[in-house]
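Beneath this line is the structure, given in structure tokens, with notes to follow.
The values are calculated or read from the model by the stated rules, or taken from the named source; none is laboratory data. Just so it is clear, the structure is predicted and the values come from calculations on it, not from any experiment. Quick reminder, even Gly has a Cβ in these numbers, built from the backbone with ideal geometry, and neighbours come from all protein chains shown. Ligands, DNA and RNA are excluded from the accessible area calculation, which covers all protein heavy atoms including side chains. Shrake-Rupley method; radii C 1.70, N 1.55, O 1.52, S 1.80 Å.
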Amino acid sequence: MSRLGKMPAWQRSFVIGGMLTCCISGSLYLIGHEFQIQRSTFGNHNVLAAHGIFAVLATLALGSVLPFHLKAGLKSKKKWLSGFSQLSFLAILLTTGALLYYGPAEIREGVVITHWVLGLMFFAIFLLHSLIGLSSLRALTAKLLQSTGVHEQQALHHHPHAQYLDNPANQDPTYQ
């Protein structure tokens with residue numbers, strides 16, 4: 001790993017995939033069960049079971065991140081708010097998820113509301129945390145393009161997939 005806290009590709013895919021599938025399946029169940037939209041499709045037990053399975057995968061993904069990504073984030077002092085918010089929300093979501101399954105019936109309604117509100121908040125923060133990384137990547141790409149003399153707008157307009165930037169023989173005349 002060349003950058004502090006950068007995950008290997010397999011781990012990044014596992015974390016993003018695990019968290020997104022858990023968030024999306026939970027959101028679908030929420031839409032179907034709580035808001036009565038397509039209840040027979042989204043609010044059924046199969047969607048809830050899938051959410052539980054994806055939650056296990058998301059928990060495994062979280063475990064794969066904790067030893068290195070969290071330590072690197074502490075050292076870099078970047079994205080602390082979104083990172084620790086996610087960690088806090090996930091701890092509460094794991095607890096409320098266990099309470100929904102194993103907890104007493106008397107507290108179930110409050111736990112349900114807490115779980116879906118915090119789940120939606122986590123989903124938003126997770127996306128924000130990921131988008132911050134993408135904006136940093138865009139800034140780095142812009143700096144690299146400037147250093148090579150290629151303007152970002154030219155690269156995006158003339159070569160949206162940047163297929164010719166690596167092959168000068170195929171560049172059109174505006175780059176020569």
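Among the residues examined, residue 64 qualifies as in contact with a Phe, Trp or Tyr (Cβ under 8 Å, 6 or more places away or on another chain), closer than 24 Å to residue 10 by Cα and of a type outside the set (Asp, Glu). Exactly one residue among 146, 153 is more than 20 Å from residue 16 (Cβ to Cβ), open to solvent by 60 Å² or more (accessible area, probe 1.4 Å) and modelled with pLDDT of 60 or more, and that residue is 146. In segment 26-43, of all residues being in a loop (DSSP other than H, G, I, E, B) and of a type in the set (A, V, I, L, M, F, W, C), the one that is surrounded by the most Cβ atoms within 10 Å (Cβ to Cβ) corresponds to 37. For segment 57-69, the condition holds for no residue, the condition being that it is at pLDDT 95 or above, over 18 Å from the mean Cα position of the chain (by Cα), of a type in the set (A, V, I, L, M) and part of a helix (DSSP H, G or I). From the list 10, 80, the one residue that fits, being closer than 20 Å to residue 128 by Cα and out of contact with any Gly (no Cβ under 6 Å at 6 or more places or on another chain), is 80.
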